[in-house]
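Here's the structure, in structure tokens; my notes come after.
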Amino acid sequence: MSVGRFVVRRLALSLLVLAGLSVLIFLIARVVPGDPARLALGPRAPEWAVDNLRKEMNLDKPLEVQYYLWIKGLFRGDLGKSLLTRRPVLDDIKEFLPATCEIVLLSALVMALGGITLGLLSASYPNSWFDNVTRVVAYLGIVTPSFVWAVVFVLIFGYLWPILPAIGRLEMGVEAPPVLTGFLLLDSLIFGKYEAFWDALRHLILPSVALALGGMAQAARITRSSLMENMSKDYALAQVAYGIPWRVILLKYLLKPSLIPTVSIMALDIAALFANAFLVELVFNYPGISGYGIRAMLNKDINAITGVIMILGVIFTGINIIVDLIVAYLDPRVRLLGGNQRA
């Protein structure tokens, strides 16, 4: 199968997934007990005001009509109005999503570099003190939730050893750059606000590392196991017999196929970070999309809930397509068989 057909097939499957997700989240948001209009206006609001808000939100229409109107608005870029912030949901997403993207991107970088490097070193020196220490640390990282690391980091770096900021996205007194992309790091560089860039980067370190530790530990273990398995295969032993240096065998011939399961699992971890970041954002008081989504759920803000879930769904499917392409590059058999052999 050519790369073009491979990508087209993945995009078509992703559209089907997103269509199913839109139906599912639309129904779930509306069948959950509670009147969104009454919750938004409060228990003392007059009934006529609640009725007017229901009509404004099309809640007085049958479900199929509501879904048609919602999908119609979705294609126009109109996700409705948030009952929580009283603003268009799209404006809220534009404000909060870049902050979470910055955390997740830095977490993904830490996860990939740290996990693969630790796995490679552990496999290079199996059963050594380094391998044993890495094994214990990896198990600790896998079983500990990210919000626990977040609390520990706040205690250490917020009170005991305050070398990194533990709260917020930018220090008070630091001039924020004009909003162009919403990404503080990028906007700071574009407008030459280097002080804001450095301060925003320092604010990203603790939440990003707290989010990355679990995935990094898992990636290290998977990389090590996969490398150890491939080291015992005939082609690796034959390369040793031909006198090829071990470092060349490890980095050139063994690492690439060994990364296939690591990349597959790591991609799912990275996509899940968008949904799992809410507690970390709460601990660090970081204004991201995950915290916004949780507040929307607690207040039954149905437009915000469906908008956030659909955006996360698009991100999740997009990352899966990228992973499929990476796996197809690492193992051409996956591409030739249409992805049916993906680990």
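Condition first: polar (S, T, N, Q) and buried (at least 20 other Cβ atoms within 10 Å of the Cβ). Now tell me which residues in region 235-263 satisfy that. Once the filter is applied, which keeps residues that are polar (S, T, N, Q) and buried (at least 20 other Cβ atoms within 10 Å of the Cβ), region 235-263 yields Ser258, Thr262. Consider Ala219 carefully, then state whether it is crowded, with 20+ Cβ neighbours inside 10 Å, closer than 16 Å to Tyr286 by Cβ, under 17 Å from the mean Cα position of the chain (by Cα) and in contact (Cβ under 8 Å) with a residue 24 or more places away in the chain. No: the conditions fail for Ala219. In this structure, does Leu113 turn out to be open to solvent by 80 Å² or more (accessible area, probe 1.4 Å), at pLDDT 90 or above, part of a helix (DSSP H, G or I) and not acidic (Asp, Glu)? Yes: the conditions hold for Leu113.
Among the residues of region 152-197, those identified as surrounded by 15 or more Cβ atoms within 10 Å (Cβ to Cβ), under 20 Å from Ile289 (Cα atoms) and in contact (Cβ under 8 Å) with a residue 40 or more places away in the chain are Ala166, Arg169, Gly182, Phe183, Leu184, Leu185. The conditions of being closer than 16 Å to Ser82 by Cα, over 26 Å from the mean Cα position of the chain (by Cα) and either part of a helix (DSSP H, G or I) or touching a residue at least 24 places away in the same chain (Cβ under 8 Å) (or both) are met by Arg38.
One line per residue, one yes/no per condition, for (1) in a helix (DSSP H, G or I); (2) under 20 Å from Phe96 (Cβ atoms); (3) not acidic (Asp, Glu):
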site	(1), (2), (3)
Ala150	yes, yes, yes
Phe153	yes, no, yes
Phe157	yes, no, yes
Leu180	no, yes, yes
Ala210	yes, yes, yes
Met216	yes, no, yes
Ser225	yes, no, yes
Ile249	yes, no, yes
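Just checking, does region 270-292 include any residue being hydroxyl-bearing (Ser, Thr, Tyr), farther than 23 Å from Pro145 by Cα and at pLDDT 85 or above? No, that holds for no residue. Scoring Leu83 on the criteria (1) in contact with a helix residue (DSSP H, G or I) (Cβ under 7 Å, 6 or more places away or on another chain); (2) more than 15 Å from Thr306 (Cα to Cα); (3) of a type outside the set (Phe, Trp, Tyr) leaves a single failure, condition (2).
Contact annotation: residue pairs with Cβ atoms under 6 Å, 6 or more positions apart or on different chains, pairing a residue in region 298-315 that is part of a loop (DSSP other than H, G, I, E, B) with a partner that is open to solvent by 20 Å² or more (accessible area, probe 1.4 Å), are Asn299/Leu84; Lys300/Gly34; Lys300/Leu39; Asp301/Leu83; Asp301/Leu84. Within region 82-110, restricting attention to residues that are of a type in the set (D, E, K, R) and open to solvent by 40 Å² or more (accessible area, probe 1.4 Å), the residue that is nearest to Ile326 (Cα to Cα) is Lys94. I'd like to check something: does region 59-67 contain any residue that is hydroxyl-bearing (Ser, Thr, Tyr) and assigned to a helix (DSSP H, G or I)? Yes, there is a match, as at least one residue in region 59-67 is hydroxyl-bearing (Ser, Thr, Tyr) and assigned to a helix (DSSP H, G or I).
Of the set (1) within 22 Å of Leu268 (Cα to Cα); (2) touching a Leu at 6+ places or on another chain (Cβ under 8 Å), all apply to Phe157 but (1).
Just one residue in the set Trp161, Trp129 is of a type in the set (Phe, Trp, Tyr) and modelled with pLDDT of 90 or more; that residue is Trp129. In this entry, Val314 is excluded by the filter for residues that are open to solvent by less than 50 Å² (accessible area, probe 1.4 Å) and either over 13 Å from the mean Cα position of the chain (by Cα) or hydrophobic (A, V, I, L, M, F, W, C) (or both). One residue is enough: does region 252-260 have a residue meeting the conditions over 27 Å from Gly115 (Cβ atoms), at pLDDT 85 or above and small (Gly, Ala, Ser)? Scanning region 252-260, I find no residue that is over 27 Å from Gly115 (Cβ atoms), at pLDDT 85 or above and small (Gly, Ala, Ser), so the answer is no. Residues in region 20-56 that are within 16 Å of Leu74 (Cα to Cα) and open to solvent by 50 Å² or more (accessible area, probe 1.4 Å): Val23, Leu24, Leu27.
The values are calculated or read from the model by the stated rules, or taken from the named source; none is laboratory data. This one's a predicted model, so the numbers in the text were calculated from it and none came from an experiment. Positions of Cβ are generated from backbone atoms using ideal geometry, with glycine treated the same way; all protein chains shown enter the neighbour counts. Only protein heavy atoms, including side chains, enter the accessible area calculation; ligands, DNA and RNA are left aside. Shrake-Rupley method; radii C 1.70, N 1.55, O 1.52, S 1.80 Å.
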